Amino acid sequence: MRDMSNKAAERYTLNDIFTRNYQSWFLVSLVLMILTPIVTFAVNSFTIQNQFDSSLMIQILAMSVFPGDYMYEIYRTATLFAILTAAVGLLSYLAAKKKYSLKTNFADEIPLFFLFLFSVLIAVSVIVNKTDRYNVMGYSTFGEGAMNHIYYVIIFYFVASKIKNQIFKNAVIYIFLIIDIILSVLEIIDENWHHIHAFAYNGLAANAIFKNCNFYGYYLTIATMLCAAIFALEKENKVKKWLAFAALLLNSFMINLCDTFGCFLACVVAFIFLAIAVAVRDKKFPLMCIVGLVVFVGVNLIAGHWYNDYFANLKTLGGDVGAIAAGGEEAQHAGTDRWNLWTLTWGYIKEKPWLGWGTRGISKSLGSESINGDDLPHNEYLQYGAYYGLPALFFYVAGLVGVVIKAVRKRKFLDNATLACLTAAFGYMSSAFFGNTVDFVAPFFFIFLGLANVHETDGVIPRPRVDALSLARKFVGRVFLYGI
């Protein structure tokens, strides 16, 4: 009995890293990416001097002296370390899955299967279209490459989808929200009282370190819906619930400050999704979800008196829909010229529907033909369809829908942390109808999409129980055997 207990303890010690802690490795790889906005802020604060003079840090890091370009290097570094950490976690995961059966687990892996096929078609499209090296690998913050689109799936989504522990999911959520709150408070200070040099790209609307108010809006959409979900779902910890409410107020205001109407609409849609999800899971009226929606709309209504009146935008949207229905020349200017971009992009898709034009293959033509000279579609779904073809777009959308269907199918295992991640991901999915992917925001979406996968267990192998009494007897026996 004593020997068996001792062997059990030895087995635990030898296998602990490989069978118990693979989720810890995956968690580290995700946190490395989650930290990139605050790391960018810290680096910008250190390197950007008055008049944007270069500094020793710029020379050390061998980065561009143009303020804010550090984000691309920080993102690439975080991605590299995330890949290395995820590789260790993957070895641990495979070691823990010695009896893994694809046949048994295929239903759970359908979203990953579809997204994997999406990645394969990206590679095929790039090869067939002979996409140049810069557009394959990516070359700047706004120069997203095909490898970025593949990394989103095979690194960030895959790793996040294998994290089952609710504690780990909460760790990602709260680290993300802490960084979001810090950036939001600093942005309010920057906009109203004192310029913060780290926010070098301040333009017509708030954008923090994201260089563009739209990109910041996508980030805020994720943060807003995380706060909303925690506020609506938390029942036991009142402090956590009301802190989430305060964060919801802050993020609702920031959605208005960054002047991204598409993200406002995306949040409204995500609130409705959250209410339906809670009603289906809990089989009761989702009162707190409705309260959250009223608060979100109310904050934007009040803030609109001083900043951006989204309700005036609703009137404009109604006029745009009418113009599109009428089919006149004015329709091309609908949605701040987005309808023009969308119709042109759809034309390119029809020209090469199977494998698309390759990464950024339509940019030159779109830039020359569009009304405003923009070379991106401002719709992520059309973007993927134009770049990689309709089959790739189908597999991408099927993967996203698969995650939602999985949550519905396993709703009795749908915990609060997973539902919060699903709501945040759904908010981004909604905002994607109005924007472009960018490599310093899209990874957050794929992280939360992966965390939104529902699992029936937390994935932690219980620590083998060691008989304390037998160990004590063994110790006493050895003392008497070898004696003093």
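Side notes on the structure shown:
- Criterion: more than 16 Å from Gly435 (Cβ to Cβ) and within 26 Å of the chain's Cα centre (by Cα) - qualifying residue of Gly292, Gly367, Gly385, Gly373: Gly292
- Restricting attention to the range 335-393, the residues being farther than 22 Å from Ser431 by Cα and of a type in the set (Lys, Arg) number 3.
- Within the range 268-313, restricting attention to residues that are of a type outside the set (A, V, I, L, M, F, W, C) and under 21 Å from Ala425 (Cα atoms), the residue that is surrounded by the most Cβ atoms within 10 Å (Cβ to Cβ) is Gly292.
- Only residues that are out of contact with any helix residue (DSSP H, G or I) (no Cβ under 7 Å at 6 or more places or on another chain) and aliphatic (A, V, I, L, M) were counted across the range 323-340, and they come to 2.
- Taken over the range 159-195, the criterion of being basic (Lys, Arg) and either more than 18 Å from the chain's Cα centre (by Cα) or at pLDDT 95 or above (or both) is satisfied by Lys169 alone.
- Whichever residue in the range 64-81 is polar (S, T, N, Q) and in a helix (DSSP H, G or I) and, among such residues, is modelled with the lowest pLDDT: Thr77
- In the range 456-468 there is no residue that is modelled with pLDDT of 95 or more and out of contact with any helix residue (DSSP H, G or I) (no Cβ under 8 Å at 6 or more places or on another chain).
- Checking every residue in the range 276-289 against the condition of being closer than 21 Å to Phe445 by Cα, in contact with a Cys (Cβ under 8 Å, 6 or more places away or on another chain) and of a type outside the set (Val, Ile, Thr) gives zero matches.
- Tally, over the range 347-362, of residues that are under 23 Å from Asn148 (Cα atoms) and either without any contact (Cβ under 8 Å) to a residue 24 or more places away in the chain or not in a loop (DSSP other than H, G, I, E, B) (or both): 2
- Residues of the range 371-411 that turn out to be among the small types (Gly, Ala, Ser), surrounded by fewer than 22 Cβ atoms within 10 Å (Cβ to Cβ) and outside any helix (DSSP H, G or I), as a count: 1
- Among residues of the range 37-48 that are of a type in the set (Phe, Trp, Tyr), those with a beta-carbon under 9 Å from a residue that is buried (at least 16 other Cβ atoms within 10 Å of the Cβ) and outside any helix (DSSP H, G or I) at least six positions away or on a different chain give the pairs Phe41/Ile196; Phe41/Ala198; Phe41/Phe199; Phe41/Ala208; Phe41/Ile209; Phe46/Ala198.
- Selection count, the range 120-175, where residues are surrounded by 19 or more Cβ atoms within 10 Å (Cβ to Cβ) and closer than 20 Å to Pro37 by Cβ: 14
- For the range 25-39, a residue qualifies if it is modelled with pLDDT of 85 or more and more than 18 Å from the chain's Cα centre (by Cα), but none of them does.
- For Phe215, the requirement of being part of a helix (DSSP H, G or I) and of a type outside the set (Gly, Ala, Ser) is met.
- Positions within the range 88-128 being over 22 Å from Phe26 (Cα atoms) and either modelled with pLDDT under 80 or out of contact with any Ser or Thr (no Cβ under 9 Å at 6 or more places or on another chain) (or both), in sequence order: Lys103, Thr104, Ala107, Leu117, Phe118, Val120, Leu121, Ala123, Val124, Ile127, Val128
The values are calculated or read from the model by the stated rules, or taken from the named source; none is laboratory data. The structure presented is a predicted model; accordingly, all values stated were derived computationally and were not measured. Note: ideal-geometry Cβ built from the backbone for every residue, glycine included; neighbour counts use all protein chains shown.
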